[in-house]
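Quick notes on the structure that follows.
The values are calculated or read from the model by the stated rules, or taken from the named source; none is laboratory data. Keep in mind it's a predicted model, so treat the numbers as computed, not measured. Counting neighbours? That spans all protein chains shown, and the Cβs are built from the backbone with ideal geometry, glycine included.
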Amino acid sequence: MSDENKNTVREPDFEKLANDTSASKFNKMVTLVLLAICIVLAGFIIYRMVASRPDTGLAAPVADNALAAVNVSAEAAFIGDFSNITRLNGEVDRAGGDDISVYPDITSTGTVTEVLVSLGDEITAGDTVAYIDSSRPGASYKASPVVAKAGGIVTDIPVSVGQTVSASQPVVTLSGSSDLVVNASIPEKFLGTAAVGMPAEMESVAYPGRMYEGKLTYIAPTVNPANRSSEIEIQFTGDTAGIKQGMYIRLNLETEHIANALMVPTAAMDTYLGDPIVYIADNGTARRQAVTVGSSNDEYTVITSGLNEGDMVITAGNVTDGTAISVVSQEE
């Protein structure tokens, strides 16, 4: 080899080196991606294998309706007598009848010397209610009795002792009946269900807790346009001890009665798409049931179709159709 060749230095091929470096980086990137995919797949396989074992403490994914059960209260649909009660206020009065005026039996005028009765007294025909001195000035004093020609309750005493009265002036006014009644007004919206003969339960504010029985005996044929109500009269049918004319009365009038009605608690009622429904407790699951309803009050609702006697309806608990439930309070 000549000295010229020995001393010649070959220059590196930079283009080739650059190409070789790019290929190496690409291969490494592909390898890393493939390795990551393998790790993910291996982890998923291991998770499924472990999760499927019953003793690992891990649980497989579950459906929504397999979640913890919702605690609910339920009551059975039952058959009974349904009542709708209308609560009113009234006042004790005397039964209808013309008032009776008691006049003095004198020829002209006289002075009232004595009044023998008080408001509310019950008198009979022939009782003396007052005395009048009808003597003339200078003549001997002569007391003239004022006698009631009919019986009744004293409702007014328009004179006083010492007052001068004439033969045409009443001394006492009587109510023609001694029977006590309760006068009240019933709102127009209840007139469709109110009827003469309906039972009533009454309480006087003077005797809290003491209940009196009565019945509806009169409904006015007109409606008062000012308050959209009609006058009614309730007659006492039992003991009236302690009741006096003018007393304030709380009145419960049974404006509707349905015998042998299928009922559920009103708390069980709900709606779905605007229609009435209930939820039935059915072997650990809440089942939505469409129903048709009749009358209702704060406590119970009449069911006309969709349920059977004994069906357990959910009265408390946030449920939808298919919710897993646990009945914690149950009444049959």
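Here are a few things to note about the model shown:
- Residues (under 54 Å from the mean Cα position of the chain (by Cα) and touching a residue at least 40 places away in the same chain (Cβ under 8 Å)) located in segment 104-123: V115, V117, G120, E122, I123
- Against the test of being under 30 Å from T124 (Cβ atoms) and out of contact with any Pro (no Cβ under 9 Å at 6 or more places or on another chain), the options N183, N224 yield a single qualifying residue, N183.
- Qualifying positions in segment 106-134 - touching a Ser or Thr at 6+ places or on another chain (Cβ under 9 Å), surrounded by fewer than 14 Cβ atoms within 10 Å (Cβ to Cβ) and outside any strand (DSSP E or B): T107, S108, L119, G120
- Any hit, segment 262-274, residues being among the small types (G, A, S), part of a loop (DSSP other than H, G, I, E, B) and farther than 29 Å from V205 by Cβ: yes
- Across segment 74-104, the qualifying residues are those that are hydrophobic (A, V, I, L, M, F, W, C) and closer than 30 Å to A268 by Cα, and the one among them that is modelled with the lowest pLDDT is I85.
- Check on D179, charged (D, E, K, R), modelled with pLDDT of 90 or more and under 30 Å from V102 (Cβ atoms): no
- Complete set of residues in segment 124-173 that are under 58 Å from the mean Cα position of the chain (by Cα), over 17 Å from Y103 (Cβ atoms) and of a type in the set (S, T, N, Q): T124
- Strands (runs of 3 or more DSSP E) completely within segment 148-259 that count 2 or more residues being more than 14 Å from L88 (Cα to Cα): 152-156, 164-166, 172-175, 180-187, 211-219, 229-236
Yes/no matrix, rows are residues, columns are (1) surrounded by fewer than 17 Cβ atoms within 10 Å (Cβ to Cβ); (2) farther than 11 Å from S73 by Cα:
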| position | (1), (2) |
| --- | --- |
| T271 | yes, yes |
| N283 | yes, yes |
| A290 | yes, yes |
| G317 | no, no |
| T320 | yes, yes |
| V327 | yes, no |
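- Among all residues of segment 303-312, there is none that is outside any strand (DSSP E or B), farther than 28 Å from I85 by Cα and small (G, A, S).
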